[in-house]
Amino acid sequence: MKNKNFWQKLKLTKRPFFCIAPMADVTDAPFRKMFSKYGKPDVMWTEMVSCDGLMHEEKAEQKPRGSKYPARDRLALSFIYDESERPIVAQIFGGDPETFRETAKYVRELGFDGIDINMGCPDHGINKQNAGANLIKSPKLAQEIIKATKEGAGDIPVSVKTRIGFNKNEIDTWIPAILSAKPAALTIHGRTRKEMSKVSAHWDEVAKCVELAKDTDTVIIGNGDVKSLEEGRKRRDESGVDGIMVGRGIFGNPWFFNEKIKKSDLPLSEILKVMLEHARLFEELLGGKKPFVLMRKHFGSYVGGFPGASELRAKLMTTECADEVEKVIKNFEL
C-alpha cells in the first residue's frame, strides 16, 4: 500500500535519507530491482519519461496500431516496477502544463508513490522542447506546470528536480519561484546547466537553498558528486539537506546503500555473479523490448581495479545476450 505522505515521514525519521537519481537508460526496472535485493535506498526513481510522448494520441487518419496512444506502450517500459521498490517516484518532463496534468493522472493510476518533474536535464534536445533545465528560464511556466501536475496527481506528492541555474547561479530568484509553488520535495543538483558535470558540485550553494526553504514544508534533497554513504552524511552535515540523491556513484554497485556490505570487500567471483544476474534480469524484464546493448554500460562499472579488468571489459562490450556474458565470465581466469 502506498504511503502518500512518505516525504514528511522520511524527513522526520531519517536524516539524511538516500535516493537513487533518475538516469536515462540506467535506472530501469532491472537496475532498480538489483538495488532492492542487494542494498535498497530510501527512495527509488524511474528514468524520466516524456509527457508529450505519453499523451500523444494516434491521429484518426493514421492506421490503427492497437492503442490510442501509440508511443505510450514503448515509454511505459520506464514505468515498470514492483512492490519491493516502494516508495518509488515516477519522473516526467515536458513544457506544457495541460500535458503534465493529464500525465499526472495516468501516473497516479499506475500506483506510484510520487511524481517528480524534471527541471534540470541539460540535454540540448530536451531543452529545445522548453523542458528540463530550460524551464529555469521560465519561472512562471514552471510554477504553472507544478500546479497542473499537483491537480492531476491528486493526493500523491509532487516533487521537482532542478539545478542552481542555467548559464549562471540563479538560486536567489529560481529557488524561491519553485518553493512558492509548494512542491512536496525539491532536489537540487549543485551545478548550473552550463557547467554540466564538468566542475565539482557547489554544495555551498545547495546549503543556501536549504536556508531559502527553511520556512516552507518542502523537503530538500542535495545531489552531486556523492561517492559513498559516508560522504553523503558529511554533505548533510555541511548543507543541512534532508536527503541525499546519488547518481554516477552507484554505477556497477548494487551494494552502495547497504550498510553491511562494501563492494570493495567482496570477492571478484561474487561481483561477476551479480553482474550476470543483472544481465539475466534485463533479459527477463526488457528482452525484446529494449536492446541488450544498454546493459554494456553497466559492465564497465562492475568490472575494474583488478588484473585483467581491461581485457574482460573489452570482451563484455561485445556481448549480445546474458548467455554470452556468462561464457565470457567462465573463460576469464579468476
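Just so you know, all these numbers are worked out from the coordinates, no wet-lab data involved. Everything numeric here is computed off the predicted structure, so don't read it as measured data. Heads up, the Cβs are rebuilt from the backbone with ideal geometry, glycines too, and the neighbour counts pull from every protein chain shown.
³J(HN,Hα) across region 78-93 via Karplus (A = 6.51, B = -1.76, C = 1.60, θ = phi - 60°), whole Hz, x for Gly/Pro?
6, 9, 6, 7, 10, 4, 5, 8, 5, x, 10, 10, 8, 9, 10, 9
Based on the alpha-carbon gyration tensor of region 229-282, what equivalent-ellipsoid semi-axes (square roots of 5 times the eigenvalues) come out, in whole Å, largest first? Present the calculation step by step, with values, prior to reporting the outcome.
Working: eigenvalues 149, 33, 10 Å².
Three semi-axes, in Å: 27, 13, 7.
At 24 Å minimum axial length over the Cα atoms and a Kyte-Doolittle cut of -0.5, report the qualifying DSSP H helices in the chain, or say none.
Numbers: long enough: 268-286 (27 Å, 0.61).
Correct list, ordered by number: 268-286.
Would you pull out the residues with amide H under 5 Å of T187's amide H, same chain only if 5 or more places away, H placed 1.01 Å from N?
V160, K161, T162, I221
Going by Cα centres, region 69-126 and region 182-199 are how many Å apart?
So the two Cα centres are separated by 19 Å.
Ranked by Cβ crowding within 10 angstrom, fewest neighbours first, how are D123, D73 ordered?
Numbers: D123 17, D73 12.
Final ranking by Cβ density, sparse to dense: D73, D123.
For the chain, divide the Cα radius of gyration by the Kirkwood radius and give the resulting Rg/Rh value with two decimals. Could you put the intermediate results ahead of the total?
On the way: Rg = 20.1 Å, Rh = 20.6 Å.
Ratio of gyration radius to Kirkwood radius: 0.97.
What nm value, rounded to one decimal, do you get for the distance between K14 and E326 when each label is placed 7 Å out toward the C-beta?
The answer from the label model is 3.4 nm.
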